[in-house]
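All remarks here apply to the structure that follows.
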Amino acid sequence: MKAIRGISWAVLGVALLVSLAPGWVSLYPAAEQHRDYPYVKPGVYGDAHLQWFSHGRLLAVEGAGGVFPLGTDEFGRDVYSRICYGASLSLLLAPAAVLFSLSVAMLLGTWAGYRLGWADALVTKASEVFLALPWFYFVVALRAALPLRMSPQTAALTLFGLLGGLGWAAPARLFRGLTLKLMTEDFVQAARALGARPRRVVLVHLLPALLPAARAQLLLSLPAYILTEVNLSFLGLGITDPTPTLGNLLTPLQQYSVLTSYPWMLAPAAVMVLVFLALHTVAG
């Protein structure tokens with residue numbers, strides 16, 4: 001089990017490196033087209049070969065032809081390189097939205113558990129409303145109500161706001177319950193008896209005790225947030241082509257002929273499954 005956790009952390013480390021430096025680990029720019037090689041299988045074509053640490057990349061392609069580790073799409077764009085650039089959006093946007101959502105949840109949950117009374121009732125009822133909503137379909141409806149054509153930056157900020165603003169309810173209830181339990185602990189009771197102000201009790205005693213639960217929530221929530229972004233982009237409601245994300249890289253698979261004839265186009269889905277398994281392993 002220890003070895004599996006180590007492998008999972010290594011997978012997540014590689015995913016983070018690719019997300020932070022896609023231009024360094026890719027072979028080509030995301031939009032570069034090789035019109036002579038549409039939908040070609042993974043392999044080396046022509047006189048091309050790989051060169052280490054060339055052209056500002058870990059590996060660069062030299063010579064005529066092309067090197068396509070995961071094949072190409074309908075425009076001859078390297079699928080591997082587009083996955084690298086797509087990961088920089090999908091695998092960074094979702095964690096940012098989760099962190100924002102968890103921050104809101106910790107603030108509201110701790111406030112409700114500490115203050116009780118009307119504050120507790122307000123947060124509890126609001127979270128019940130959000131939990132009653134069909135979360136994914138609600139996000140789709142909100143996004144569909146906005147203009148379909150947006151710049152990549154605007155679309156990314158819109159998705160960040162939708163994902164981060166709607167996912168706070170469940171963790172807020174968790175943090176509220178944990179805060180209620182912590183309020184009965186001796187160290188919190190002692191701090192309050194010694195005259196510690198509420199801000200100090202929350203910042204020094206309560207929040208540090210909530211961090212392990214926040215870490216677990218982060219790791220467990222990430223797949224759902226990534227999958228929501230992927231689904232929106234796959235349906236054309238997220239970030240659209242030519243800017244790659246793991247979602248819109250799967251869009252060609254809507255065509256049955258692509259799904260059955262070019263199996264390497266499933267590579268983005270394989271990447272997501274690998275990342276999801278690693279997240280669940282380290283969160284367990």
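Brief remarks follow.
- On the basis of the beta-carbon distance and an R0 of 45 Å, A224 and R192 show a calculated FRET efficiency of 0.75.
- Under 20 Å from the L235 label point (7 Å along Cα→beta-carbon), backbone N, the stretch 118-138: 130-138
- Coordinate range along principal axes, alpha carbons of the stretch 1-81, Å, largest first: 46, 25, 21
- Computed over the Cα atoms of the stretch 209-284, the ratio of the radius of gyration to the Kirkwood radius (Rg/Rh) comes to 1.10.
- Around H34: net Lys/Arg minus Asp/Glu count, Cβ-Cβ under 9 Å: -1
- Rounded tilt (10° steps) of 117-132 against the dominant C-alpha axis of the chain: 30
- Cα gyration tensor, the stretch 213-255 - rounded (a/c under 1.5), prolate or oblate: prolate
- Global geometry of the stretch 73-145, whether rounded, prolate or oblate, following the gyration tensor of its Cα atoms and the 1.5 cut on a/c: oblate
- Here the peptides 247-255, 106-114, 20-28 are ranked by packing, the mean other Cβ count within 10 Å, and the order with the highest first is 106-114, 247-255, 20-28.
- Accessible area per residue for the chain is 51 Å², calculated with a 1.4 Å probe on protein heavy atoms, without ligands, DNA or RNA.
- Protection proxy ranking of 225-235, 271-281, 160-170, by the mean of other Cβ atoms within 10 Å over each peptide's residues and highest first, is 225-235, 160-170, 271-281.
- Take the Cα of T260, step 7 Å toward its Cβ, do the same at H280, and the gap between the two points is 3.0 nm.
- Candidate aspartates and glutamates for bridging to K41, where Cα separation is under 14 Å - those fewer than 8 sequence places away on the same chain excluded: D73, E74, D78
- Paramagnetic label zone (point 7 Å from Cα along Cα-to-C-beta, L180; backbone N under 14 Å) in the stretch 95-111: 109-111
- To the nearest ten degrees, helix 207-234 and the longest principal axis of the Cα atoms of the chain are 40 degrees apart.
- In the chain, Cα pairs under 8 Å separated by at least six residues give a relative contact order of 24 percent.
- Alpha-carbon gyration tensor eigenvalues x 5, square-rooted, for the chain, Å: 44, 22, 15
- Accessible area of the chain belonging to carbon and sulfur atoms, whole % at 1.4 Å probe: 68
The values are calculated or read from the model by the stated rules, or taken from the named source; none is laboratory data. In this text, all values refer to a predicted model and were calculated from it rather than measured experimentally. Positions of Cβ are backbone-derived with ideal geometry, glycine not excepted, and every protein chain shown enters the neighbour counts. Each accessible area value is taken on the protein alone, full model and side chains, heavy atoms only, with ligands, DNA and RNA left out. Shrake-Rupley method; radii C 1.70, N 1.55, O 1.52, S 1.80 Å.
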